[in-house]
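The values are calculated or read from the model by the stated rules, or taken from the named source; none is laboratory data. Because the structure is predicted, anything quoted here is derived from the model rather than measured. In this analysis, Cβ positions are derived from the backbone assuming ideal geometry, glycine residues included, and neighbour counts consider all displayed protein chains. For the accessible areas, the whole protein counts, side chains as well, though only heavy atoms, and no ligand, DNA or RNA atoms are used. Shrake-Rupley method; radii C 1.70, N 1.55, O 1.52, S 1.80 Å.
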Amino acid sequence: MEWVVFVLGALICALGAFGVVTRSNPVHAALSLIGTFFGIAVLFIAQDAEFLAAVQVIVYAGSIVVLFLFVIMLLGVDTAEDLEVEPITGQRTAAVVAGVAIAAVLIFVVVAGAITGATSSAAPIDTDVANPVQIGRVLFTDYLWAFEITSILLVIAVVGAVTLARHRPDGMVDDELVDELPAPAVVAVDEGEVAT
Amino acid sequence: MIVAADPLLSGHVGLVVFLIVLGKAVVTLGICLIATMLMIWFERKVISDLQNRIGPNRAGPFGILQTLADGLKVILKEDLVPEKSDRWVFRLAPILTMIPAFITFGMIPIGGDFTDGNGGVVHMFGHDTLLQLANPDAGVLVILAMSSIAVYGVMLAGWSSGSKYPLLGSVRASAQMVSYEAALGLGVLAVVLVGSNDAGISSLTTNSIVSAQMPWGWNLWVTGLVPFVIFILAATAELNRPPFDLVEAEQELVGSFQTEYSGFRFAIFYLAEFLNAITMGAIVVTLFLGGPGGPVLFGPGWMWGFVWFFLKLVAVLYAFVWTRASVPRVRYDQLMDLGWKVLIPLGVGWMLLLVGIRVGADAGWNPVVTVAVAAVVMVACYGLLRLAGATSRRLAAEALDAPEGVID
């Protein structure tokens, strides 16, 4: 039973990841990404980590990809051109090298982890205690420092974003009204291709 | 497996248990569909009463079968997919609006015996079980997750239509839903903070939230009313219902994200809208109004859970409809101001107040002093916020007056 769930979850993750890379339409790629996040949530549930699964869906699928889609929809990323242009010279080669390197490190970690036999670095899950309680205890005792540092980092990011968005040179302030509407999903169709 | 889980699944999972779970799933689905049908009729009838009209009165007694007739008609209509649409996403979007509402409803305790510390457990076919489809550990968080997933249906429907008005409508809708999610979460947080069990540990499961409110400790007053108001306002905005229905502001946006939809797909959007209203009402009942808990007047205890839940749910839904009939639509800037500048700061402040009271109770501080100090701090924070706002407005005005230079 556990194997079936794992294989299904892993398949969803892998197919989603494959879709992100191969789909030329950015919205389809973002949707595939959601598939991957849901697959990961399924794997979390299979490990009794329901809290992590819920947070995974809320944060990644529910907020981050929504922002991705927002940007894609507002800026109207051109589906046809995207794959042709290479903004940084040699970025494809670099991406392949980086991908292979990361895969190699991951495989090494998995193999090495099996050799040491260590299963969890923080705390083993206790099935008798609800897991929000367990995570809360660990987070606010042993890892309080990391938690607070992360929260400060997020606050700095928000303040930075607001500052960047508000303080503009005079020449940029509302001198030109952009009267272009955001681009809907018609770009590819206009060019004679059917966007399916 | 886990403390608050359904006792049904704690023992050996045999065929009977499997059938009970399957039965519960089917019944939940059935309740959702029938309730949606009745909700559409209820809303139309109440609205017409409030507007001095008669409303649907042809199909069945009091026009109660009107939705069924509309549904049959709409199935027979031609199903158009616009040429310029993104076909795959266009077909996916209505389904995505529907699923989260069903899943959320599966986590609502719709009945059960909560008197005498029974915790909502009822006995059926030789097994103890809860009258809800699932009771996951992360309960309310899963509900929040589903409400954040619900944005996708609206967003993708507008984008994939390949048309300007739906796109604008869906951008509006998703901005609104994302903004109010935070306020919604703060309302839930207040409930989780006050609802602790004997060991002083709060739980996120819907079942234990209802148990903690028994018999009369409804979170409506235990959390001090403010989180309830925040939650109701945020829920109305999440549902895109009036007075926050800028998504469907007909004069500006035609029919918003569903403009290009027709036939059965349009019906799915329509159903999802009302099913979401019911689900949100059920969440309000569960979180703030004691869920199915209530006194047992006569007869078996399990029966009264359904009765109280139904009565509370109808009251909340009537309030939704009443609001729709009485309050005019707000402007978009008013909507965003209400969400970001009123509800979220108020929600955070109230959460800190509740935390202060709980810490004070644990440490044995004088409760009156705790609340007084907290109130002073909140007022001071509000003053600082106002001061900051006024200063930034003054600086902006000065910068506009200045002939040259950089805005600072």
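Numbers at a glance
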item: Some residue of the range B:105-116 being modelled with pLDDT of 80 or more, closer than 22 Å to B:Val307 by Cβ and open to solvent by 20 Å² or more (accessible area, probe 1.4 Å); result: yes
item: Those residues of the range B:212-221 which are buried (at least 17 other Cβ atoms within 10 Å of the Cβ) and modelled with pLDDT under 85, in sequence order; result: B:Ala212, B:Gln213, B:Met214
item: Some residue of the range B:71-83 being open to solvent by 70 Å² or more (accessible area, probe 1.4 Å), in contact (Cβ under 8 Å) with a residue 40 or more places away in the chain and closer than 26 Å to B:Ala319 by Cβ; result: no
item: Extreme residue, farthest from B:Leu271 (Cα to Cα), among residues of the range B:44-70 that are assigned to a loop (DSSP other than H, G, I, E, B) and open to solvent by 100 Å² or more (accessible area, probe 1.4 Å); result: B:Asn52
item: Restricting the range B:162-220 to residues that are in contact with a Gly (Cβ under 6 Å, 6 or more places away or on another chain) and farther than 23 Å from B:Leu289 by Cβ, the residue that is nearest to the other protein chains (Cβ to nearest Cβ); result: B:Leu167
item: Residues of the range B:73-126 that turn out to be of a type in the set (A, V, I, L, M), farther than 26 Å from A:Ser32 by Cβ and over 26 Å from the mean Cα position of the chain (by Cα), as a count; result: 6
item: Residues within the range A:26-48 that are at the interface with another protein chain (Cβ under 8 Å from one of its Cβ atoms) and not in a helix (DSSP H, G or I), tallied; result: 1
item: Checking B:Leu133 against (1) open to solvent by 20 Å² or more (accessible area, probe 1.4 Å); (2) more than 14 Å from every other protein chain (Cβ to nearest Cβ); (3) part of a helix (DSSP H, G or I), the condition it does not meet; result: (3)
item: Single unsatisfied condition, B:Asp128 versus (1) under 21 Å from B:Ile278 (Cα atoms); (2) open to solvent by 10 Å² or more (accessible area, probe 1.4 Å); (3) in contact with a strand residue (DSSP E or B) (Cβ under 6 Å, 6 or more places away or on another chain); result: (1)
item: Options B:Leu184, B:Leu204: the member that is surrounded by 23 or more Cβ atoms within 10 Å (Cβ to Cβ) and assigned to a helix (DSSP H, G or I); result: B:Leu184
item: Residues of the range B:138-161 classified as open to solvent by less than 10 Å² (accessible area, probe 1.4 Å), within 8 Å of chain A (Cβ to nearest Cβ) and within 22 Å of B:Lys24 (Cβ to Cβ), total; result: 2
item: One residue from A:Thr141, A:Thr116 being more than 14 Å from chain B (Cβ to nearest Cβ), loosely packed, with under 10 Cβ neighbours inside 10 Å, over 26 Å from the mean Cα position of the chain (by Cα) and modelled with pLDDT of 75 or more; result: A:Thr141
item: Test: residue in the range B:324-342 that is within 14 Å of chain A (Cβ to nearest Cβ), of a type outside the set (Ser, Thr, Tyr) and not in a helix (DSSP H, G or I); result: no
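Table: residues versus (1) basic (Lys, Arg); (2) in contact with a Pro (Cβ under 8 Å, 6 or more places away or on another chain); (3) touching a residue at least 40 places away in the same chain (Cβ under 8 Å).
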position: B:Leu335; (1), (2), (3): no, no, yes
position: B:Lys341; (1), (2), (3): yes, no, no
position: B:Pro345; (1), (2), (3): no, no, yes
position: B:Trp365; (1), (2), (3): no, no, no
position: B:Ala375; (1), (2), (3): no, no, no
position: B:Ala380; (1), (2), (3): no, no, no
position: B:Asp401; (1), (2), (3): no, no, no
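Each row is one residue, and each column tells you yes or no for (1) buried (at least 20 other Cβ atoms within 10 Å of the Cβ); (2) facing chain B (nearest Cβ under 10 Å); (3) aliphatic (A, V, I, L, M).
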| residue | (1), (2), (3) |
| --- | --- |
| A:Leu15 | no, no, yes |
| A:Ser24 | no, no, no |
| A:Glu50 | yes, yes, no |
| A:Gln56 | yes, yes, no |
